[in-house]
Amino acid sequence: MSRRSEALAERIEKGAQSLAALAQSLSEAQWRTVVQPDGRQVGVIIHHVANMYPIEIQLATELARGNPIVGVTWAAVADINAKHAQEHANVSKEQAIELLRQNSRAAADAVRAFTEEELDRAAPVSLNADAPLTTQFFIEDHALRHSWHHLAKISAALRLSPAA
């Protein structure tokens with residue numbers, strides 16, 4: 001395990017732990033609050049973050065192997081998010097938090113396995129106009145950033161201070 005991969009994994013875990021702590025503290029009314037302009041309920045968004053870790057890590061693994069990411073577009077992401085919101089509209093706090101813990105732990109463990117060479121490997125990413133992005137950048141921009149991004153959005157919607 002490289003120092004960089006360990007640091008990335010720790011940051012993924014910290015973001016997920018912060019999001020889980022916020023989730024745990026929410027009332028039922030807060031859990032069901034719709035976050036604007038997103039349009040999804042807080043609970044659905046937290047479950048969404050948990051649900052996306054395996055996909056984000058699968059794509060990072062492809063980059064680590066030197067394979068381009070093709071066919072992944074923002075329209076496809078929006079479709080995935082809309083379908084997820086419909087399918088999980090009534091997700092419980094316990095289900096979402098447990099999935100967040102499981103999938104963030106698995107994501108962090110997968111990131112820990114990346115070598116320095118794999119973190120530095122770059123290939124075109126269709127989601128980013130086929131820019132040749134490194135595995136490390138992709139991890140930071142997706143699996144790592146995702147929980148922090150939604151933590152801030154949820155906190156703002158509920159007028160809370162984000163957990164640090």
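The values are calculated or read from the model by the stated rules, or taken from the named source; none is laboratory data. Computed from a prediction, not measured in an experiment: that's the story for all the values here. No Cβ is skipped: glycine too gets one built from the backbone with ideal geometry, and neighbour counts run over all protein chains shown.
Return yes when Ala96 is crowded, with 17+ Cβ neighbours inside 10 Å and closer than 30 Å to Glu117 by Cβ and no when it is not. It is false that Ala96 is crowded, with 17+ Cβ neighbours inside 10 Å and closer than 30 Å to Glu117 by Cβ. Picking from residues in the stretch 116-162 that are of a type in the set (Ser, Thr, Tyr) and farther than 26 Å from Gly71 by Cα, the one that is farthest from the chain's Cα centre (by Cα) is Ser161. Checked against the criterion of being surrounded by 15 or more Cβ atoms within 10 Å (Cβ to Cβ), in a loop (DSSP other than H, G, I, E, B), modelled with pLDDT of 95 or more and not polar (S, T, N, Q), the candidates Phe138, Phe114 yield just one match: Phe114.
Every residue, every condition in (1) polar (S, T, N, Q); (2) under 12 Å from the mean Cα position of the chain (by Cα); (3) surrounded by fewer than 17 Cβ atoms within 10 Å (Cβ to Cβ); (4) modelled with pLDDT under 95, yes or no:
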site: Arg4; (1), (2), (3), (4): no, no, yes, no
site: Ile12; (1), (2), (3), (4): no, yes, no, no
site: Ala16; (1), (2), (3), (4): no, yes, no, no
site: Ala21; (1), (2), (3), (4): no, no, yes, no
site: Gln24; (1), (2), (3), (4): yes, no, yes, no
site: Trp31; (1), (2), (3), (4): no, no, no, no
site: Asp38; (1), (2), (3), (4): no, no, no, yes
site: Ala50; (1), (2), (3), (4): no, yes, no, no
